[in-house]
Amino acid sequence: MVDESVYADDAPARGIVLPRLIELAHAAFLLLIFVGLAPFAIRDATAMASPDGPASGAGDLLRQLAFASAFALILFAAMREKGFAAFAAVPPTLALLLVWCVASAWWSAEPDITLRRAVLVAVVVLSAMMSASTLGPARSFRILRWVLASVLIVNWASIPFVHQAVHLAGDPEPQLVGDWRGLYFHKNIAGAVSAITAIVFFFSAWDRKRWIDAVLCAAAIGFAVMTQSKSSLLLLPAAIAAGAIYRIAWHRPLDRMILGVLLALFAVGATAFVVMDQDAIARLLADPTEFTGRAEIWQAELAFIRDHPYLGAGFGSFADTGSLSPLHDYVGGDWVNAVAHGHNAYLQLCVTLGGVGLLLALVALIVLPLAKFAGVKSEDVAPMAMPFALFVFLVLHNLLESDFLEGDAPAWVTFLLVLAALGWKHASRERVGEPWPIP
């Protein structure tokens, strides 16, 4: 319920219209992210080569107008609700990271591309976090559930009726032929969105005890399997398990201590394995065919980082820049011209933003959110289990894909909604948001 007493004389107008306006703006923004302006786009050499095509998300005029319109609506509603305090939805460390992205245009080989892509990221970050913070996590995730359910239904319905909902013979990437992609440009995007949908509805079924949530979770897992997106399929059960453990074992101080010790032992063991078995890891990375070709990209990224450890090549310069790609002189052949991203967000951030940018990203996107999850009060652990599972999935997903700061990518926006839930204040419950936990 909205507490209309806080609106004084204009309570009827603001108390009814404003919540609906911010809900509409948030829903329109999420549809723009999860559906886009070119669903079921045809994959051919022209589309793959275009820097502004469906694969890149970089933005033609129509895309720019769409995002600008959604942002304007969100900004108006959020500032009507909170004034300039609406900008506090973006944590200072994330704001500093965005400033570094823009500043990298000074040393980028393509400053125009860097500025355009940095502005797109800033608009997406502000749109996602301002709308979600104004609504509160309960309402923002409820709208996300509606969008994800709609996309899932469309994806399943498209397989028998839409020719290009499956990677077809003649695809620029022949190894993908037969894999399902639904309305998305690539099966890996469809796989990530399906995994996110499965996580959301798994915990919704746990919370709400509704059969429809369980059915949607199963349908999302089924579609993820048909995409053959190995990264998402591998990480999905780990993320759900992490969320379940967090929900069950994070209530009492003793449980937290035991779980913390186990995680620390796991981290020490993993580090020891890396240190003691470097030769095996080096042999693995030396084979370009490993990790479906990712190893060759990682080799080139590591070579570039050794030569440019501090500032990087400039934000957004990694892909769709042709011969100006920072990796162009570190690979044999011209295959790098067709690479859409680095298949490891952490390496890609270091390539484009340097060691300074990577450090800012690690603090803003991993260290501080983890500290906030660790400090959640006992009564809020259950509703935060789903955001925590999404957080774990996306942090691990970025080891094999590149989601962080990827413009209007669905996985990146989902991560922003998780960050917004962590920064949510109790005061929003009294104005626009619904009570938290999710009813």
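For this structure, a couple of remarks:
- In summary, the lysines within cross-link reach of Lys230, defined as a Cα separation below 27 angstrom excluding same-chain residues under 8 places away, comprise Lys187.
- 26 Å Cα-Cα reach of Lys82 towards lysines, excluding residues that sit fewer than 8 places from it in its own chain: Lys372, Lys377, Lys425
- With eigenvalues of the C-alpha gyration tensor scaled by 5 and rooted, region 53-148, Å: 25, 17, 12
- The modelled label-to-label distance between Ala244 and Arg210, using points 7 Å beyond Cα along the C-beta direction, is 2.2 nm.
- For region 97-154: rounded, prolate or oblate by the Cα gyration tensor [a/c cutoff 1.5]: oblate
Taken together, the values in this text are just the output of simple stated rules run on the coordinates, not laboratory data. From a predicted model like this one, the values you see are computed outputs, not experimental measurements. Counting neighbours? That spans all protein chains shown, and the Cβs are built from the backbone with ideal geometry, glycine included.
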